[in-house]
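Written out below as structure tokens is the structure these notes cover.
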């Protein structure tokens, strides 16, 4: 069997048996294709790769190809490890030479968080006199108000919008499927729910064919795609995609004066997580709302809860409990 066929067989296993996302499948395909190119340079079958070959591929070779950031190489190493483990389990090879291939150490970066002021300015940018403006406002509200990843937002269908009774009041929720194909149910803030309803009731949406094969409907639709023929521009192909999300936030962010580093969906997700930490939401609850598999991913937002940290520091700092040479001056400045 050709190595490309083995790659596809492995990716099918990852997709259907492991429930991995399509995005990860694409990255793994790229990584294993690069492994094939590396082994071809040595005129050898990729399945014959020795441990030292895989070390050379995941280190110096990828570095020379431009993958200088350790983070970009980590997914390649995970792909190689996963493939050889699968190949060994399915009798494709006699020895798993990928065991022990090391992952490069990567420092944990503090996320760049969009501020509440930035979020407010973004919410006022869409033009509510247009259908696209109403749609964009609804999507921005869901990103910031529900903490969704971009993949979770663009994959929403109408069936993911559900109602339930909370304290004798009908509330809307989103059934979200994101990273690792894990599903969670997220409450929709009333403002976001109203914007979604305005979008769904808009007369321009009625003329859009967004019906899927299973009878469901795409929730957020695109209105212009020059790469798709008009007669095919329906159903799944009407879905608003990740690239369009990024472009939308970049455009509105520039209009609103939001820092370039925060004009992306994850900055809004970080804002959601940070506000949960600011309000002392328990980690296990925040973890469920954010869809984190590891509570350590949720705990990082405690470092970003600056309002809470500042209040605690102001109250507990030794400087605020003693009289210093500038205490009187500070009191005067506060009175002004």
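Exactly one of these conditions fails for residue 228: (1) part of a helix (DSSP H, G or I); (2) surrounded by fewer than 15 Cβ atoms within 10 Å (Cβ to Cβ); (3) touching a helix residue (DSSP H, G or I) at 6+ places or on another chain (Cβ under 6 Å). Give me its number.
The failed condition is (1).
From 20, 44, 81, 34, grab the single residue that is free of Cβ contacts under 8 Å to residues at least 40 places away in the same chain and within 26 Å of the chain's Cα centre (by Cα).
None of the others qualify; the one that does is 81.
Looking at (1) assigned to a helix (DSSP H, G or I); (2) at pLDDT 90 or above, which is the one condition that is false for residue 71?
Here residue 71 meets the rest and fails (2).
Would you mind stating whether residue 83 is out of contact with any strand residue (DSSP E or B) (no Cβ under 9 Å at 6 or more places or on another chain), assigned to a helix (DSSP H, G or I), within 17 Å of residue 94 (Cα to Cα) and at pLDDT 90 or above?
yes
Could you please find all residues in the stretch 317-327 being in a helix (DSSP H, G or I) and either surrounded by 10 or more Cβ atoms within 10 Å (Cβ to Cβ) or in contact (Cβ under 8 Å) with a residue 60 or more places away in the chain (or both)?
Residues satisfying the conditions are 319, 320, 327.
Can you find even one residue in the stretch 198-210 that is within 28 Å of residue 294 (Cβ to Cβ), out of contact with any strand residue (DSSP E or B) (no Cβ under 6 Å at 6 or more places or on another chain), in a helix (DSSP H, G or I) and in the same structural domain as residue 290 (by TED's automatic domain parsing)?
no
Take the residues in the stretch 1-11 that are within 18 Å of residue 81 (Cβ to Cβ) and without any contact (Cβ under 8 Å) to a residue 24 or more places away in the chain, then tell me which one is surrounded by the most Cβ atoms within 10 Å (Cβ to Cβ).
Across the stretch 1-11, the extreme among qualifying residues is 11.
Please state which one of 286, 293 is in the same structural domain as residue 145 (by TED's automatic domain parsing), in a helix (DSSP H, G or I), within 17 Å of the chain's Cα centre (by Cα) and touching a residue at least 12 places away in the same chain (Cβ under 8 Å).
Exactly one of 286, 293 is in the same structural domain as residue 145 (by TED's automatic domain parsing), in a helix (DSSP H, G or I), within 17 Å of the chain's Cα centre (by Cα) and touching a residue at least 12 places away in the same chain (Cβ under 8 Å), namely 286.
I'd like to verify a number: residues in the stretch 263-275 that are in contact with a helix residue (DSSP H, G or I) (Cβ under 6 Å, 6 or more places away or on another chain), assigned to a helix (DSSP H, G or I) and farther than 11 Å from residue 146 by Cα, how many?
Qualifying residue count for the region: 2.
Inside the stretch 84-98, can you point out the residues that are within 19 Å of residue 17 (Cα to Cα) and without any contact (Cβ under 8 Å) to a residue 12 or more places away in the chain?
Listed by number, the residues that qualify are 88, 89, 90, 91.
Quick one: in the stretch 44-55, of everything that is in contact with a helix residue (DSSP H, G or I) (Cβ under 8 Å, 6 or more places away or on another chain) and in a helix (DSSP H, G or I), which residue is farthest from residue 16 (Cα to Cα)?
So the residue we want is 53.
Looking only at the stretch 209-222, count how many residues are over 14 Å from residue 160 (Cβ atoms) and surrounded by 14 or more Cβ atoms within 10 Å (Cβ to Cβ).
3
The values are calculated or read from the model by the stated rules, or taken from the named source; none is laboratory data. What you are looking at is a predicted structure, and each value in this text was computed from that prediction instead of being measured. All Cβ positions, glycine included, derive from the backbone under ideal geometry; neighbour counts span all protein chains shown.
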